[in-house]
Amino acid sequence: MATARMARTAGRSGTRRQGSVATAARGRNEMAGAYNLRSTDNRKINRKVKKEVYVDYSMIFVVLFLLVFGLVMLYSTSSYDGRLKYEDSAYYLKHQLMPTCLGVGVMMLVSRIPYHFYSKLSSLAYVMAITLILLVKTPLGMEINKARRWIKIFGVSVQPAEAAKLAMIIVLATFISKLGKGITQPKAFWVVLGVPVPVSLLVWKVTSNLSSAIIIFGIAFLMLFVSTPGYRKFIAITAAGVAAAAGVVALVVRAGYHSEMNYRFGRILAWLDPEAYVNDKGYQTLQSLYAIGSGGIFGKGLGESMQKLGFIPEAQNDMIFSIICEELGIVGAIAVMIMFVILIYRMMIIAQNAPDMYGALLVIGVMAHISIQVILNIAVVTNTIPNTGITLPFISYGGTAVLFLLTEMGIVFNVARHIEV
C-alpha cells in the first residue's frame, strides 16, 4: 500500500511538472508570438514611414503662380500685336497655353520617374543635343524673325538650344558624380569644363544664339563651382572673362560704328549710348527704359501699357519685364523678383538635403539655369548689359522654353521626393 501511495504521489508530481512545463512553453510561445506581432507592426510602421515623401508646397505654389502670372502678362502684352497681325488678340495666349498645359503634365510625370534613370541616358542626351542643333541647317530648320534657330518636327517647332540646356545638366551631373573626389585633380577639372564647349560653340555658330551659348557654359561653370573645393581657379577664370569682355568693349569703342561692323559690336555701342542709336540698335532698349520709367511705383494698371502698342518690338518675348514694370510698377517688378528668389532658395534647400551627389547636382543645374536666365533678362531690359535675346523663365512667350523648364522642375520635384523625412 505504501508503495502504491508513493507511485500515485510520483505520478501526480510528474503530471504537475509536465503541466508546469507545458504552461511555461505556452507562455514562451505567447511571448514569442507577441514579440513577432510587435516586430511585424514595427516593420509595417517603418514601411509606412518610408512611404512618406517630401513635398515642397511652397515651390509648387511659386511655379504655378509664375505660370499663371506669365499667361496673364502675355495676354496683356501681346493682345494688340496679336489683333494687328493675326486678327486675334488671344493669338499668343492660345499658342502658349497648350505647351504650358503639356509642360505641367510632363512635370508631374517626370516627378514620378526616379532621377537616377537619367544617368543612363547622359551619353544619348549629349549626342541628341548636338544632332538637334545641326538639324537647324537642314530642311527641317525654321527661320522666325530673320533668325534660324528652330526645327520643325511633326508639325511642331522646337528650339534645340533649350533641349541642349537640359541635356547639359544631365550630362554634367552624371560626369561629375562619377568622378567623385577625382574632380579635385586639375586634369579632371579642365575636362569637365570642356564638356559643354562643343555644344556652346554649335549653339553660337549654327543658330547664331550667343546668349544661349553663354547660359549653357554658365550652367556648367556653376555646377563645377559647387562640386569643386577651392575658389582660386574660379576667381581666375571669372577675372579672365571680365578682362576679355572689357577688352572687346574698348576695341569696339575705339573702332567706332560703321556699316561693316558685326551687329553684336553695334549692340555694344548702343548699350553705352542708346540715344545715339535711337533709330537703330538702341531703339528697343530706349523704349524699354521709357516703359520702366513711366510705370512709377505702382504702375499704370494691368492692360494699360502704352509701350506695348507697337513701340517695343516683340514685347511679349525678351522685353516682357519692361511691360510688367510699366503696368504694375516697381512694386510689381519687385514682387516678381521675390518669387524667383523664393524659387531659387527652395531649390537650394532641396540640393542641400538631396540623398546623393547626383541628385544635388541635378537640382543645382536647374537652379543655375533659371537664376542665370532671370539675371541676364532683367539686366538686358534695364540696359545693365548689351541687348541680347534672353527670355524671362515661365513668363516670356515661347513654347519650347516653358516645356523644357517644366521638365527640369519635374526632375527637381523627384529629387525632393527622395529626401528622408
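The values are calculated or read from the model by the stated rules, or taken from the named source; none is laboratory data. Predicted, not measured: the structure shown is a model, and the values here were computed from it. Note that each Cβ is placed from the backbone with ideal geometry, even for glycine, and that neighbours are counted across all protein chains shown. Ligands, DNA and RNA are stripped out before the accessible areas are found, and what is left, the full protein with its side chains, is counted by its heavy atoms. Shrake-Rupley method; radii C 1.70, N 1.55, O 1.52, S 1.80 Å.
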| request: For the range 193-213, name all the residues that are hydrophobic (A, V, I, L, M, F, W, C), in contact (Cβ under 8 Å) with a residue 24 or more places away in the chain and either farther than 17 Å from Ile170 by Cα or out of contact with any helix residue (DSSP H, G or I) (no Cβ under 8 Å at 6 or more places or on another chain) (or both). | output: Leu202, Val203, Val206, Leu210
| query | Name the pairs whose Cβ atoms lie under 6 Å apart, with the first residue in the range 221-245 and within 23 Å of His369 (Cβ to Cβ) and modelled with pLDDT of 90 or more, the second assigned to a helix (DSSP H, G or I) and not aliphatic (A, V, I, L, M), and 6 or more positions between them or separate chains? | reply | Met223/Gly365; Phe225/Phe234
| Residues (open to solvent by 10 Å² or more (accessible area, probe 1.4 Å) and touching a residue at least 12 places away in the same chain (Cβ under 8 Å)) located in the range 333-347 | Met337, Met339, Ile342, Ile344, Arg346
| Candidates Leu328, Leu362, Leu376 - the one that is open to solvent by less than 10 Å² (accessible area, probe 1.4 Å) and outside any loop (DSSP other than H, G, I, E, B) | Leu362
| If we keep just the residues of the range 65-89 that are in contact (Cβ under 8 Å) with a residue 40 or more places away in the chain and open to solvent by 60 Å² or more (accessible area, probe 1.4 Å), which is nearest to Gly398 (Cα to Cα)? | Val72
| message | Being outside any helix (DSSP H, G or I), out of contact with any helix residue (DSSP H, G or I) (no Cβ under 6 Å at 6 or more places or on another chain) and open to solvent by 30 Å² or more (accessible area, probe 1.4 Å) narrows it down to one residue among Met128, Met142; which is it? | response | Met142
| note | Scanning the range 387-401 residue by residue, those within 30 Å of Pro274 (Cβ to Cβ) and of a type outside the set (S, T, N, Q) turn out to be Gly389, Ile390, Leu392, Pro393, Phe394, Ile395, Tyr397, Gly398, Ala401
| Could we say that Ile395 is open to solvent by less than 40 Å² (accessible area, probe 1.4 Å), closer than 22 Å to Thr174 by Cβ and touching a residue at least 60 places away in the same chain (Cβ under 8 Å) here? | no
| task | Out of the residues in the range 284-318 that are open to solvent by less than 20 Å² (accessible area, probe 1.4 Å), under 14 Å from Tyr75 (Cα atoms) and within 28 Å of the chain's Cα centre (by Cα), state the one that is modelled with the highest pLDDT. | result | Gln316
| remark: If you go through Ala368, Ala354, the only one that is touching a Leu at 6+ places or on another chain (Cβ under 7 Å), modelled with pLDDT of 90 or more and surrounded by 14 or more Cβ atoms within 10 Å (Cβ to Cβ) is Ala368
| task | Taking Thr388 as the residue in question, decide whether it is in contact with a helix residue (DSSP H, G or I) (Cβ under 8 Å, 6 or more places away or on another chain), in contact (Cβ under 8 Å) with a residue 24 or more places away in the chain, in a helix (DSSP H, G or I) and surrounded by fewer than 22 Cβ atoms within 10 Å (Cβ to Cβ). | result | no
| said: For the range 402-416, which positions are open to solvent by less than 10 Å² (accessible area, probe 1.4 Å) and polar (S, T, N, Q)? | reply: Asn414
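Here is a yes/no grid of residues against (1) without any contact (Cβ under 8 Å) to a residue 60 or more places away in the chain; (2) within 19 Å of the chain's Cα centre (by Cα):
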residue	(1), (2)
Tyr91	yes, no
Val104	no, yes
Ser111	no, yes
Ser119	no, yes
Ser123	yes, no
Thr131	yes, no
Arg149	no, no
| field | Residue match in the range 91-100 (condition: open to solvent by 60 Å² or more (accessible area, probe 1.4 Å), of a type in the set (S, T, N, Q) and part of a helix (DSSP H, G or I)) | value | no
| task | Those residues that are without any contact (Cβ under 8 Å) to a residue 40 or more places away in the chain and out of contact with any Gly (no Cβ under 9 Å at 6 or more places or on another chain), I need them from the range 179-192; list them, please. | result | Leu179, Lys181, Gly182, Gln185, Pro186, Lys187, Trp190, Val191, Val192
